[in-house]
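Only the coordinates and a few stated rules stand behind these numbers; no lab work does. All values derive from a computational prediction rather than experimental measurement. No Cβ is skipped: glycine too gets one built from the backbone with ideal geometry, and neighbour counts run over all protein chains shown.
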Amino acid sequence: MSTSKEQVAISEVMAFLREWDQGNKTVRSRMLTEFLSQHQGKTCPELELEFAQVASLFLARLTAWLRLTYMFGTCLGLQLKAVGVFLSASSNHRYLIEFLEVGGVLTLLEILGQSNTQEEDKAEALHLLQIVSKAGRRYKELICESYGVKAIAECLATLQAESTQETAQALLESLAHGNPKYQNQVYKGLIALLPCCSPKTQQLVLHTLRIAQDIVKVSYPSIVEPVLNSLRSLHLEVQHEALELIVQLKEYEVKPALLKGLVALLKPVKEGVQKYKILEDPEMMKMTDSLPLFVQQAASAKAIRMLAQDSRELSFELIHLRVVHHLLYAMGNQSHADAQRQASLTLEHFVRTYPLVKDRVSKAMGKDLFQLFMSDTEMLYMKMDDIQADILQSNKVNIPEAMAKIIEDKRVARNLFLNNFNMSRLRSALQKGKKVATAENTDRPTVQRSKRKVTPVKEEPTDVDSSTYHYFYNAEDIGLFRSQLLQWYDETKRELPWRTVAMTEQDIDVRTYAVWVSEIMLQQTQVATVIDYYNKWMKKWPTVEKLAAATLEEVNQMWAGLGYYSRGRRLHEGAQKVVSELGGEIPRTTEMLLKQLPGVGRYTAGAIGSIALGQVTGVVDGNVIRVLCRARAIGADSTSPAVTEALWKIADTLVDPQRPGDFNQAMMELGARVCTPKNALCNQCPVKSHCHAFKKVSVKQEKECRALQSKLDPEVNGSIPDIENCVTSGTCALCLSEPWDAQLGVQNYPRKPVKKAARVERTLVCVLERDGAGEEKEYLLTQRPNKGLLAGMWELPGVLTEEGASAAKQKKALCAEMGKTLGVQLDKQPLEFVGEVIHIFSHIHQTYVVHSMVLPADTDMEDKTTLQWLTSSALGEAAVSTGVKKIMKLYESKKNPKEDSTKMKKRKGLEAKSDKKPKKSKDSSGGGKQLCLTKFFTTSKSN
């Protein structure tokens, strides 16, 4: 029984809540002001004591009012500050979760997107989002899932107050330290912000990008242009951040584009320049039109100097891009002193470092100007006259061309020397031989010998020579390869549902079945696509017995949208065979898996056997082919029998006998994430020391650098490593059959045959509609044959078109086919053209020419098992292909065109009853939905 003191407290709280519920805007504003003055900074227990353990009741009212009124700005600042009192006082995130459960995050993001919201209110919303972000990684994920990165980034671009800008920047930085799944989202959002007009925003974005760059550890080509454009800024803080980011990006894939862009900026192009209105005076505007370009020119010269001083390798790359010519041009720009100064300082570095550059620059400048340049580089621009500036801007210096000529001249001289030397030795030998022959053979008769053609003997390649280069034969190398790869896999592997089952499931049949399902689904399909299908499949059919009891219709329905539908049918057939013929026991060896299960080939059997059963066997799939071909420099057609057998031999040699399943998954993971078809991340590869392709690229680059270095700087010496090659490359069935392409690098391996062009087909399709038993319309579907393309799937009735047939003839053929399908006469029924849908299969480029026809509900038709009428909702769940879904989407869009919904409707009164789902609201951040908190915070493996 409560005490009198508690009764009084409860009465006060109820009176407070009653006053809130009955009060208007003025009353509630006063109550919020009093609440803030009395409870600012209080803890959760203090608030509960003040509100008689029902503080959540007031928080619920507060968030509901916020949700209803934020668009009109009614006491918005007070409401946000009041919510902040609760969120700051939250113990074990109690109030925070209550706030989020009613759509708190989405409300805050919508506030940021409102153009009429005052900046101080946006600052409060950003502050609340910071509290959410600091609560933990999963709360950061909630913000990102609600399209928060886009909303915050767009808000940052429009903010004016520096303190608010810094709050938004700190929030983006916090999100970048969250789930790796959303780091790229933050990174790309920051790149999109770079072109914004506010200098402070640019500075903050560049600073955050530097932090995010080290987190993401990859770069995107789209970053190059906006970063280089940031060098146009007239604000030194922005330029400083841009220069630091450029130095940082030299370690990533965008380095070539970055260097090329920097050199090009030394010769600016004036067309299409954005005009910065420094003063309203027209004459001043005209004079300063090119200022941003000249500022960018100076900053580019400075960036080049920073990169060249940091790395000799970068210096060589810049010289190959004709940086010396461009620097001389920039030195002659008398319209901008800083561009001249920075270009002079940068050129001085190249001149003092490389004698060849010094020689060519001195000839281009002339003796007097060059002496002046060397004696006072930084102040040269003040002592230069117009004629000297014109000489610099019209220079023809081409260091790469000069270097190539020197190399060619030396090559010719060397060959000439060798030829003369060999001829001298030959003459000496002949003279000596002639004297001996004359002394010994004076009495012998002269014999006339006929000339005969000598055919050179080709040595046949031996197994030893071939295995030395294309195979692994050294036990120490094999052991090191295994340990390095498995260590990388243990540290970086993705948490995937089938891997979890393979590691934790004790029942061997359940474990083998789970891996079997995953391997079949992963054939020709990406991991990200498979995960959802796999989870749904295993939830519905967790054992082989459950799958065997299912119907083919159910299997096709579950597989719909995954593609290559014969895989699901074969999996179902295999499950039925295991149950009916093998007593429910899945084969226990790789050989028996291959022999007894339909749809299981050599790779799938090896994968299931090694991962689920611990069989010591290698696997060769597309990813492994790429890894092994590059590791052993196998450049022949990867589909040829010789290459296929070689790859299987290598895979079986390498597989770790202690952890065969993990090793095979590590090989596939390496090919999928590091040794990719294009833009391979060789520097992140754990086994690059064993890779012939990587070594070949590295040696070629080293030779080029050493050759250039020795020409530019004669004092530099050092041996150049040789490129290891197959000793029987002329006749080897595994070597490259085409010349090495330096532009491709490691992508020279493997070489694949040209794909056969897809067959082009046009199919006439008819959407037959009739009134159903309820309010929904029904549509006719027909079942495909049990063999061939999309076997057993349901589709809309149609017929292949005849080549060259007229539209009228095609329409007549389609109408006849519909009559044949239904068993009724439809010659006089009208067909309405809907449109065309393109759908690409692996070997067919299909175009569906879609027509529609409405049938009376009382139309008599034959009853066939291969026909069924489905409503639109039922059709979406049926076993239909993606092509059918595309056709129905087109049909429904033509039948029920959407009304223009660009104008937002004003909200009137209270929203619908609490038991109804709230309608989605489109925010300026691109829309989205508030996720279910219960589901969101359920522990799950990240993918």
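Label separation (Cys705 vs Lys546): 5.6 nm, computed from points 7 Å beyond Cα along the C-beta direction.
Taking 0.36 nm per residue of sequence separation and removing the Cα-Cα distance, the Glu836/Lys886 pair yields an extension gain of 17.0 nm. Computed from the C-beta positions of Arg352 and Ala742, the FRET efficiency with R₀ = 35 Å rounds to 0.65. Once the Cα-Cα distance is subtracted from the 0.36 nm per residue extended length, the His320 to Arg762 segment shows a gain of 153.9 nm. Given in Å, the Rg to one decimal and the Dmax to the nearest whole number for the Cα atoms of the stretch 136-215 are 11.5, 33.
Here each label is just a point 7 Å from Cα along the line to Cβ, and for Ser893 and Gln40 those points are 5.4 nm apart. The radius of gyration of the Cα set in the stretch 153-277, together with its Dmax, comes out at 14.4, 44 angstrom. Potential lengthening of the chain between Gln868 and Ala813 amounts to 17.6 nm, from the contour at 0.36 nm per residue minus the alpha-carbon distance.
Here the spin labels are modelled as points 7 Å beyond Cα on the Cα-Cβ line, and at Glu12 and His235 they lie 5.0 nm apart. Find the Cα radius of gyration of the stretch 604-705, compare it with 2.2 N^0.38 Å by division, and give the number to two decimals. Here the Cα radius of gyration is 1.12 times the empirical estimate. What FRET efficiency do you get for Leu57 and Thr525 if R0 is 41 Å and r is their Cβ-Cβ distance, rounded to the nearest 0.05? For Leu57 and Thr525, the calculated efficiency is 0.20.
Using R₀ = 56 Å, calculate the FRET efficiency as 1/(1 + (r/R₀)^6) where r is the Cβ-Cβ separation of Ser375 and Thr500; round to 0.05. E between Ser375 and Thr500, to the nearest 0.05, is 0.20.
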